[in-house]
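Student: I am attaching a structure below and will ask some questions about it afterwards.
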Amino acid sequence: MSANVDIVVIGGGPAGSAIACLLAQWGHSVRVLTRAADRARGAAESLPPSTRKLLAKIGVLDAIDGAHFYRTTGNTVWWGQREGHVERFAAVAGDALKAVNYGYQVLRPELDRLLLTSAAAAGAEISCDAHVHRVQLTEPDVLDGSGRGADAGVEYHRERQPATTIGCRFAIDCSGRAGVIARQGFRRHQPGYRTQAFIGVWQSASGWNLPDETHTLVETYEDGWAWSVPLSATLRQVGVAVDGGTTRIRRGPTLNGTYRAEIGKTRELGARVSGATLDRVWACDASLFSAHQYAGSQFLLVGDAASCIDPLSSFGVKKALASAWVGAVAVHTCLAHPDRQRIALEFFTNWERQVYCANLRRSVEFAREAYGRAYQADPGNTEAALGLVRRRAWLPLASSGLLTRKAPAAAAALRRRLRARLVLIEALLFPRSARWAAASYGAARQPRSLPCRR
Ligand SMILES: Cc1cc2nc3c(=O)[nH]c(=O)nc-3n(C[C@H](O)[C@H](O)[C@H](O)COP(=O)(O)OP(=O)(O)OC[C@H]3O[C@@H](n4cnc5c(N)ncnc54)[C@H](O)[C@@H]3O)c2cc1C
């Protein structure tokens, strides 16, 4: 094993590029190992205006502005109700960038390429054809070490080259959902939040009949929620997020058929794409997860590798950039002042935990809002209102008591049914884990304490 760099960053998405960029700027030797982007699955994603502050801190704002991404002034939302609600981005008081109140609609491979280029310009060495298999963590991963420890070994191979191992003081996992280090025993899945996303690329020469064509669109429907991000006035991606737990059994045999069937259930987005051409469709996992440990004496989990929040928030990229910023400060502190390693890693850990909890709570609020509106619109149809929440895979919320303001009796009945079903299935399939199922189900009734507890 060659111990020749301070830091190896695994993954070249927003988190990996940003942390590599910052640590290289601060004088550390940084190697980024990442896989080539799959352009056919290049997602269109919304970046809220507040992301600009982070991009400026990382030193890439000019490059992003110069790339002429489609700019957006807000969202149009049909959330548990038929009338659309237009939300315009507001300038934040006291913000140095308050004159600017637009966000970006980005094609992710384009954004990632720009960010990686900036990391290379800052001095990071980038390998875009590398696949990392695993990381050897040779020290016990506890936060009480001080002084320079042993190196971690990152095992990888590049195209048509034999496998090799590189040594480093810190291995930083920025591999997103893949979670190269995270899956070595640190990842924790959020019970009940199994979400499957289907995404299609649509073209329409005549536009989409919207009050503002730059807007991100969001709509709830009976079996989930749908969204659409434009890349130009005539090109849009439209996605649906459905309950991953029932996707395989309840949905059609082909990807295209399944996707079209879901779009057909939506009211507003279905109408918008009715005269448009569908280019291609793909599916991806969008479930929530976090980690029970975010950092150790040789590693950090950063961005989606640390935790994945509800894509509904449109804060994933911003969170990844912020995670990279805090992670870079922590790693720099560890390398420059080894005696402060423990406090630096705890600072990072607390930040990650708080961000995940705050976003989980926001998801609870979204669910409560959709439920409340659907119930108010049709008080007689409680089942449909609860179905909106349940099928959206917000099952823990339905059982948490947070949705009970409007219809306590119906919510209690649903709670009883869900509890009975879950415990029964667990007991039948995994007799030994029945106790665990009951325990974790109990925990899910208090979502605040579930992932946030130390
Ligand atoms: C359906 C959906 C819609 C979303 N919409 C939005 C949105 O509108 N706005 C928003 O801000 N966020 C959105 N998000 C969230 C956003 O995509 C993520 O939060 C963001 O990509 C996280 O960045 P990251 O750098 O942590 O991880 P990623 O972007 O996932 O980057 C991981 C990198 O690691 C590489 N990699 C993986 N495994 C390996 C390996 N073994 N070896 C080497 N390299 C590897 C990958 O190739 C990739 O380059 C959405 C997510 C989903 C699922």
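The values are calculated or read from the model by the stated rules, or taken from the named source; none is laboratory data. Please read these numbers as outputs of a predicted model, since none were measured by experiment. Note that we place each Cβ from the backbone using ideal geometry, even for glycine, and neighbour counts take in every protein chain shown.
Student: What residue, of ALA163, ALA152, ALA197, is within 14 Å of the ligand (Cβ to nearest atom) and surrounded by 15 or more Cβ atoms within 10 Å (Cβ to Cβ)?
Tutor: Residue meeting the stated conditions: ALA197.
Student: Yes or no: the range 365-378 includes at least one residue that is over 20 Å from ARG187 (Cα atoms), at pLDDT below 95 and touching a Phe, Trp or Tyr at 6+ places or on another chain (Cβ under 6 Å).
Tutor: Yes, the range 365-378 has at least one match.
Student: Any residue in the range 21-37 that is surrounded by fewer than 22 Cβ atoms within 10 Å (Cβ to Cβ), at pLDDT below 95 and under 18 Å from VAL317 (Cα atoms)?
Tutor: yes
Student: Could you check the range 14-49 and list, in sequence order, the residues that are within 8 Å of the ligand (Cβ to nearest atom) and among the β-branched types (Val, Ile, Thr)?
Tutor: Within the range 14-49, just THR34 meets the criteria.
Student: Of all residues being hydroxyl-bearing (Ser, Thr, Tyr) and near the ligand (Cβ under 10 Å from one of its atoms) in the range 264-311, which is modelled with the lowest pLDDT? Just the residue, please.
Tutor: Once the filter is applied, the top-ranked residue is SER287.
Student: How do the strands (runs of 3 or more DSSP E) wholly within the range 99-139 filter down when requiring 1 or more residues that are of a type in the set (D, E, K, R): which remain?
Tutor: Result: 125-127, 130-136.
Student: Go through the range 188-239 and count every residue that is charged (D, E, K, R) and either without any contact (Cβ under 8 Å) to a residue 24 or more places away in the chain or not in a strand (DSSP E or B) (or both).
Tutor: Looking only at that region, the number is 5.
Student: While we're on this one: Within the range 320-370, how many residues turn out to be among the polar types (S, T, N, Q) and either touching a His at 6+ places or on another chain (Cβ under 7 Å) or more than 16 Å from the ligand (Cβ to nearest atom) (or both)?
Tutor: Qualifying residue count for the region: 5.
Student: How about the range 172-194: which of its residues are within 9 Å of the ligand (Cβ to nearest atom) and either small (Gly, Ala, Ser) or in contact with a Cys (Cβ under 8 Å, 6 or more places away or on another chain) (or both)?
Tutor: Passing the criteria: SER175, GLY176, ARG177, ALA178, GLY179.
Student: For the range 219-242, give me each residue that is within 17 Å of the chain's Cα centre (by Cα) and among the β-branched types (Val, Ile, Thr).
Tutor: Passing the criteria: VAL229, VAL240, VAL242.
Student: OK, next. Return yes or no: is ALA130 closer than 15 Å to ILE172 by Cβ, at pLDDT 95 or above and within 10 Å of the ligand (Cβ to nearest atom)?
Tutor: Here the answer is yes, as ALA130 does meet what is asked.
Student: Can you find a residue that is touching a residue at least 60 places away in the same chain (Cβ under 8 Å), within 22 Å of VAL9 (Cα to Cα) and either in the same structural domain as GLY200 (by TED's automatic domain parsing) or not acidic (Asp, Glu) (or both) anywhere in the range 61-72?
Tutor: No: the range 61-72 contains no residue that is touching a residue at least 60 places away in the same chain (Cβ under 8 Å), within 22 Å of VAL9 (Cα to Cα) and either in the same structural domain as GLY200 (by TED's automatic domain parsing) or not acidic (Asp, Glu) (or both).
Student: Same structure, new question: Among strands (runs of 3 or more DSSP E) lying entirely in the range 241-321, which contain 1 or more residues that are in contact (Cβ under 8 Å) with a residue 60 or more places away in the chain and over 28 Å from PHE186 (Cβ atoms)?
Tutor: So the answer is 277-285.
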